[in-house]
Amino acid sequence: MKNNKGYNLIILFCLCFLAVANVNAQSDWQAPAEENEKLSPFLFDDDMVLEGRVAYENSCTSCHGTPGQDDFTPMSPPPGDPGAEAFQAQSDGSIFYKIKMGRGTMPKFEDAFADDELWNIVAYIRSFNEDYKQELPNMEGVVIPEYAMRLSFDENVDKLVVKIFAEEVPQPEVSVSAYVMGTFGKHLLGKAQTNELGIAYVDVDPTLPGDEEGKINVMVKATKGFARAKLQQDLAMAKPTERHSAIEGRHIWSTDRMAPIWLKITFFVSVFGVWFALLFIVFGLRNIKKAREEA
Amino acid sequence: MNETITKGHFSEEQIDKDLLKNVNWGGKFKLWMGFLTVSLIICLYYYYQQLQNGLGVTGLHDYVSWGIYISNFVFFVATSLIGMLVSSVLGMMKVSWVRPVARIAELVAVAFAMVAGLIIITDMGRPDRLLNVFIHGRVQSPIVWDIAVVVTYVVISALLLYIPMLPDIALCRDKLNNVPKWQQKMYKSLSLGWNSTAKQFRLMNRYTRILLVLIIPIALSIHTVTSWLFAMTLRSGWDSPIFGPYFVSGAFVAGCAAVIIAMFFFRNNYKLKEYITADHFDRMGKLLVLVALVYVYFNINEIIVPGYKANTADAKHVHEMLYGHDSVMFWLVQLGGLVVPFLLILFKPMRKPLPLTIISLVILAGAWFKRVLIVVPTQLAPYYPIQNVPEGWTGYSPTTPEVAITVASFILVLMIITVLAKLFPVVPIWEVKEDMNHKNN
């Protein structure tokens, strides 16, 4: 038992040391060298910045504030302002890695965003740095396969089937993410990897509300290395929605369809009736003219 | 009743002379028209801007898509209803004191109704698509009814101004020899060869009577339908079954005030003190008391009933009005623009020409802002919260072009009234003479 106590002390000491070391380390967060040098395969353009902005505003503003405004949430270690010089001083690969892996209170976004979406966010963060020049990877000798994608729905197992080919050859191990496109942005349906037949399956909740024919608009992205593909398509894989007017059955005449016949008759009879009387008078003015000769 | 109206007894020549005096193109007229024209051109420049850049130059947005243009439209339609009340309702009841001022009321009606239609067009971002309303209009839409009745009302009012004026136009044709050629020609063709034969009078009276009957349902429906544009929408503050009569009664208040102002102006500028007497003002003041009383009653209903039930949205609306965001304007309009003037004109001295005219000006201004209070606040309180939109969209304030275009509508009304009052006698000469003969016999 005595020994045990000694061990406990040592363990306690080690924990304290680790804690202090950790605090020190936190102020200096380094991505692994290999990750540090990673470059974006995509040229940061306005589209990427725009998509990145939406993602940033939804997922990052709460802690990091608006870039360039220095309004991040005070915490220890501080999240920092992505527009600030210190933040921008790191490489693209480092930012990418830190968002993807997280540390401590900085959440890990690996599961929330696909790689290309992470690069969107990096593009957005970089858009606050006027001096920034994007370094693109040397693509010489690298062959980027061009993906073709085919979508279908297997209603026996309620799965979205994504097939990926490059020049008719099935592509294994491609990361696939599928989204439902809504009026106010996209919602993740699921993520999967293609098997050796180039097929990935994504679960679909069959009770999803679709349009009148049960169609929903899905968008599927596929990425592997530098290769990527995107396809958006209407697929009948959800529950058909029968649309009813909110006032159906209750209204008398405020209908969306044709005006009821009684209303048409009332309207046109009154309008034409009045105008008939007016025309009668206008033409009757001639009679006044004729009547001038009367004795 | 008649005796109190025209004190003096004049010869027919004297009457002709007095009442035809205003038909001329004097220097004062030219100055006034010049002023109006210049102002109109300035305002039209803003409309040109709006045509070029669209409704973006106004303060309108997704939430408040009806701003002062539509408020102004409602105000104009309202004011024009007075033609119906004075010439038709009172005319058919043989209330003879209104005869000398009936034409003024009709002038006001025609001018305001004509411009009301134009205001609707200014509220359109793409006026070039106006025709689509007629081609693709849906019979079940109150907007289509509104267009139908506004157009009809303009035509009826114009006919009702024109037909009873035939004898006077003939008088102009016969007596006015020193007016420009085109004007003489105009009188000649407009007078339809009027010769004061019995048959001509019979026809004129018959047509006038048909119009007087027709105009009552048309006038009632024009403003009822205007109120339905709001009342048929499920929105707090508009969702009210008494909106029709509420609008109509408010219309008479605004119209009476407008006619009183016009009467005062013509009486002083055209030296018509013997024809439009202090007694006319007294009676118009009493008429104003009556219609204001009805309107106050409807106003109380509009607040008391939803205020008691206090369902969520209506309660919010009532609170905003009574002591919330819109309360300053609300109390200014209700007390300053309606209740206090109403109480004042209960007293006879306040119904003298000058005080009554001043009070009418206040009432008319109040009536205009009242329309803004009806139209705008409701749109700022939608059932879904206003969120994720530009900051300015939580409120509404009209921009300079919007104000200028609204001012332009008033300038147009003044121009129409001015020109018509310079082309034709503003007091019906033959009716005054008829009255006089009637009395003398």
Please work out which residue is farthest from B:V155 (Cα to Cα), limiting yourself to the range A:251-294 and to residues that are within 7 Å of another protein chain (Cβ to nearest Cβ) and not in a helix (DSSP H, G or I).
A:T255
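Listed here are the residues, each with its yes/no results for (1) out of contact with any Phe, Trp or Tyr (no Cβ under 8 Å at 6 or more places or on another chain); (2) within 30 Å of A:D158 (Cα to Cα); (3) in contact (Cβ under 8 Å) with a residue 24 or more places away in the chain.
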{"site": "A:D234", "(1), (2), (3)": "yes, yes, no"}
{"site": "A:M237", "(1), (2), (3)": "no, yes, yes"}
{"site": "A:R250", "(1), (2), (3)": "yes, no, no"}
{"site": "A:A259", "(1), (2), (3)": "no, no, no"}
{"site": "A:T266", "(1), (2), (3)": "yes, no, no"}
{"site": "A:A277", "(1), (2), (3)": "yes, no, no"}
{"site": "A:F280", "(1), (2), (3)": "yes, no, no"}
Sole miss for B:S191 among (1) surrounded by fewer than 22 Cβ atoms within 10 Å (Cβ to Cβ); (2) more than 26 Å from B:T79 (Cβ to Cβ); (3) touching a residue at least 24 places away in the same chain (Cβ under 8 Å) is condition (1)
Among the residues of the range B:209-234 satisfying the criterion of being over 21 Å from the mean Cα position of the chain (by Cα) and part of a helix (DSSP H, G or I), which is surrounded by the most Cβ atoms within 10 Å (Cβ to Cβ)?
B:A231
Against the definition (out of contact with any Pro (no Cβ under 6 Å at 6 or more places or on another chain), outside any loop (DSSP other than H, G, I, E, B) and of a type in the set (D, E)), how does A:D211 come out, yes or no?
no
Need a quick list: helices (runs of 4 or more DSSP H) entirely within the range B:1-97 having at least 1 residues that are surrounded by fewer than 16 Cβ atoms within 10 Å (Cβ to Cβ).
B:12-20, B:27-53
Going through the range B:198-241 one residue at a time, which ones are hydroxyl-bearing (S, T, Y) and either within 11 Å of chain A (Cβ to nearest Cβ) or touching a residue at least 60 places away in the same chain (Cβ under 8 Å) (or both)?
B:Y207, B:T208, B:S221, B:T226, B:T233, B:S236, B:S240
For B:D279, all conditions in the list (1) charged (D, E, K, R); (2) more than 21 Å from B:P425 (Cα to Cα); (3) in contact with a Ser or Thr (Cβ under 7 Å, 6 or more places away or on another chain) hold save one; what is the number of the exception?
(2)
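Every residue, every condition in (1) over 30 Å from A:A229 (Cβ atoms); (2) more than 27 Å from the chain's Cα centre (by Cα); (3) among the small types (G, A, S), yes or no:
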| position | (1), (2), (3) |
| --- | --- |
| A:A33 | yes, yes, yes |
| A:N58 | no, no, no |
| A:D70 | yes, no, no |
| A:P78 | yes, yes, no |
| A:A84 | yes, no, yes |
Please specify each residue of the range A:166-203 satisfying the condition of being touching a strand residue (DSSP E or B) at 6+ places or on another chain (Cβ under 6 Å), within 25 Å of A:E51 (Cα to Cα) and β-branched (V, I, T).
A:V174, A:V176, A:V180, A:V202
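In this structure, is B:I121 more than 14 Å from chain A (Cβ to nearest Cβ), touching a Pro at 6+ places or on another chain (Cβ under 7 Å) and either closer than 29 Å to A:F268 by Cα or without any contact (Cβ under 8 Å) to a residue 24 or more places away in the chain (or both)?
So B:I121 fits the description; yes.
Readers should treat all values here as calculations from the given coordinates under stated rules, not as data from a laboratory. Values in this document were obtained by computation on a predicted structure and should not be read as measured data. Virtual Cβ from ideal backbone geometry, glycine too; neighbours counted across all protein chains shown.
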